[in-house]
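Single-structure report; data block below.
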Amino acid sequence: MTFFLGIALALGCALTTNLGFLYKHRGARAAAAVDFRHPVRSARALFGSRLFAIGMLIACGSWIFHIGAMAMVPLSVVQMVLAGGIVLLAIMAERCYGAAVGGRQWAGLGMTAVGLVLLGISLPAVHGAHSRYSVAGMIAFEAGLIVIGTLLILGPRIGAPRHHHGVMLGAASGILFGVSDIGIKALTGLIGAHGALGFASPWLAVTVGASIVAFFSSARALQDGEAVPVIAVTSTAANVSGIVGGLVVFGDPFPTSAVGIAFQVVAFVLVVVAAWFTPAPVRVAATAA
């Protein structure tokens, strides 16, 4: 029962995350450009936009769903369910933004759906939320993600094409959201074992710091890039970071049979390929506003 409740919370998170992103995109476009050197002024400008504030309110509800799901089921399972949010993104983008979703995009969405089905039928019996982790593995994995995210934020300053900076910032924010998710997953286990003392963990500071940087990076990405590609790459980067983190850091279970292993490998490959395959050619109508 707990497992299925966790999956339901993850599905709710997928829906509200993309809805919040679409609102934040419209709101961020109406606000002054984010300046990383002036975070307070940038935050004031963003929240001064009514649509961005609504998007953040929806995102807070999504965050609660996400924490609840991570407390009940393995992190990699939660992230695989969230990967299905790309389907919801395409549907909502068509309705709200007049986006043209072509055959390539629907093929990518189909691969995501098949991957999720294969994952579901190949999962072994899950006992507990898999919140235990290796400290050394956690430090190495989180540090690696932070370095990658930082390099993506620097982007043009280190020679990357400036016209791709919106998508690069989206990827950076997704990776840093992944850092935050992994930290939250560790905290759920510590709080479950030690109560309020679990908040004394250094992972709380890592989670808060990564979330703050991801917030500004995501907002600037939404200002610099088109809605669907930026949201899709942000979600994909967060999902892949969480999936790999669940397997590497928390030891999320793999099936023991050869068929089950093959199904899971194909499922992960399909989701990753679909994430790359889907967003690129989507065109957003200029009359979105």
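Every number in this text was worked out from the coordinates using simple rules, so none of it is lab data. Note that the structure is a prediction, hence the values are computed from the model and not measured. Methodologically, a virtual Cβ is constructed for each residue, glycine included, from the backbone with ideal geometry; neighbour enumeration extends over all protein chains shown.
Brief remarks on what is shown
- Computing FRET efficiency as 1/(1 + (r/R0)^6) for Ser257 and Arg104, where r is the C-beta to C-beta distance and R0 is 22 Å, gives about 0.05.
- Here the dipole of the range 1-111 is about 440 debye; that uses its Cα centre as origin and unit charges on the Cβ of Lys and Arg (positive) and Asp and Glu (negative).
- Among Val40, Val34, sorting on how many other beta-carbon atoms sit within 10 Å of each Cβ, with the fewest leading, yields Val40, Val34.
- Anisotropy class of the range 1-110 from Cα gyration tensor, a/c 1.5 cut: oblate
- Counted over the range 2-277 with a bin width of 5 Å, the fraction of Cα pairs per bin, in whole percents, is 1, 6, 12, 17, 19, 18, 13, 8, 4, 1, 0, 0.
- Three-way shape call for the range 159-261 based on the alpha-carbon gyration tensor, with the a/c threshold at 1.5: oblate
- Whole-Hz couplings from phi, Karplus 6.51/-1.76/1.60, listed for the range 220-228; x for Gly and Pro: 5, 4, 5, 6, 8, x, 6, 4, 5
- Sorting Glu142, Glu94 by the number of Cβ atoms found within 10 Å of their own Cβ, with the fewest placed first, yields Glu94, Glu142.
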